[in-house]
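Everything below concerns the one structure shown next.
The values are calculated or read from the model by the stated rules, or taken from the named source; none is laboratory data. Keep in mind the model is a prediction, meaning the values are calculated, not measured. A quick note on method: Cβ atoms are made from the backbone with ideal geometry, for glycine too, and the neighbour counts reach across all protein chains shown. We work out accessible area using only protein heavy atoms, side chains counted, and drop any ligands, DNA or RNA first. Shrake-Rupley method; radii C 1.70, N 1.55, O 1.52, S 1.80 Å.
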Amino acid sequence: MLQTKEQNINQQIPDYLKSNPAGYSELIKAIQKKVGATQDGWIGPNTIKKMQKYFDTAQDGCVSNPSDVVKAFQKWLNKQ
């Protein structure tokens, strides 16, 4: 049976928690370390604000659509 995009996305969290019961992300922890945020592995408004400050974009703690911080982060990643 084929799944819709929404069903597929909704299944990702339980699947991820099976492989990582603590639920946090090592990638997010690495980003938090880079931008000077508390390294707890969870992304939220404080981490977003630190990313926005690091990449010199408006600091509101939200990821908008379109997002200046995502664009700046992508540019930085492409240079690595």
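What the table below lists for this structure:
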| quantity | calculated |
| --- | --- |
| Cβ-defined net charge surrounding Ile31, 14 Å radius [Lys, Arg +1; Asp, Glu -1] | +4 |
| Solvent exposure, largest accessible area first (probe 1.4 Å, DNA, RNA and ligands not counted), of Leu27, Leu17 | Leu27, Leu17 |
| Subset of Lys33/Lys71; Lys18/Lys79; Lys49/Lys75; Lys29/Lys49; Lys29/Lys53; Lys18/Lys71 violating a 23 Å alpha-carbon distance limit | Lys18/Lys79; Lys18/Lys71 |
| Normalised per residue, the volume of the convex hull around the Cα set of the stretch 34-80 (Å³) | 75 Å³ |
| Radius 14 Å from Cβ of Asp68, net charge of other residues (Lys, Arg +1; Asp, Glu -1) | +2 |
